[in-house]
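The values are calculated or read from the model by the stated rules, or taken from the named source; none is laboratory data. Computed from a prediction, not measured in an experiment: that's the story for all the values here. We place every Cβ from the backbone using ideal geometry, glycine too, and count neighbours over all the protein chains shown.
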Amino acid sequence: MPKESYENLNETNKLLFLAGLFDGEGSFGVWGKGNGRKSFQCSVEMCDKDSVQKFADFFGGNVVKPRLRKSHWTQTYKWKLSGGRAYECVEMMIEYMSLRRQEKYENVVQCT
């Protein structure tokens, strides 16, 4: 039987856990919507729905089930935030991420 260790963590340790997961599996950047408008977005897409759901529970937003691109691929689940909520989310996690991610974030922020 799996331990319910994440649920027993305090808020700071949950943030540390999510920052580590995001560092490895997440993405952030400025993307267009096809109409010339661009917004800052952050997202996590993985096969483990329970892991993706942790982001929605902690930061808000929803988990969606994207359409399978190929019939033999495993179903993934995606969480995404846009605009100010996305900035706030990444700001909370960035100090716990790798130097590479911190540098990328600084570059993205300077360009917006």
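Determine if region 26-40 includes at least one residue that is of a type in the set (D, E, K, R) and in a strand (DSSP E or B). Working first, answer last.
First, pick out the residues of region 26-40 that are of a type in the set (D, E, K, R): 33, 37-38.
After this cut, where a residue has to be in a strand (DSSP E or B) as well, the list is 38.
Checked against the condition, which is being of a type in the set (D, E, K, R) and in a strand (DSSP E or B), region 26-40 yields at least one hit.
In region 82-112, how many are hydroxyl-bearing (Ser, Thr, Tyr), in contact with a Leu (Cβ under 6 Å, 6 or more places away or on another chain) and farther than 10 Å from residue 23 by Cα?
Number of matching residues: 0.
Consider residue 102 against the criteria (1) in contact with a helix residue (DSSP H, G or I) (Cβ under 9 Å, 6 or more places away or on another chain); (2) surrounded by 15 or more Cβ atoms within 10 Å (Cβ to Cβ): it satisfies all of them except one. Which criterion is unmet?
Result: residue 102 fails condition (2) only.
For region 1-26, which residues satisfy the criterion of being modelled with pLDDT of 95 or more, among the small types (Gly, Ala, Ser) and either loosely packed, with under 14 Cβ neighbours inside 10 Å or on the phi > 0 side of the Ramachandran plot (or both)?
Selection gives 24 alone.
Evaluate the following for residue 101: is it free of Cβ contacts under 8 Å to residues at least 40 places away in the same chain and not hydroxyl-bearing (Ser, Thr, Tyr)?
Judged against the criteria, residue 101 is not a match.
Which condition number in (1) within 25 Å of residue 6 (Cβ to Cβ); (2) crowded, with 16+ Cβ neighbours inside 10 Å is the one that residue 91 fails?
Here residue 91 meets the rest and fails (2).
So which pairs qualify, if the first residue must be in region 21-40 and free of Cβ contacts under 8 Å to residues at least 60 places away in the same chain, the second must be among the charged types (D, E, K, R) and part of a helix (DSSP H, G or I), the Cβ gap must be under 9 Å, and the two must be at least 6 apart or on different chains?
21/54; 26/101
Mind checking which residues of region 44-94 are in contact with a helix residue (DSSP H, G or I) (Cβ under 8 Å, 6 or more places away or on another chain), outside any helix (DSSP H, G or I) and touching a residue at least 40 places away in the same chain (Cβ under 8 Å)?
81 - this is the single residue of region 44-94 that is in contact with a helix residue (DSSP H, G or I) (Cβ under 8 Å, 6 or more places away or on another chain), outside any helix (DSSP H, G or I) and touching a residue at least 40 places away in the same chain (Cβ under 8 Å).
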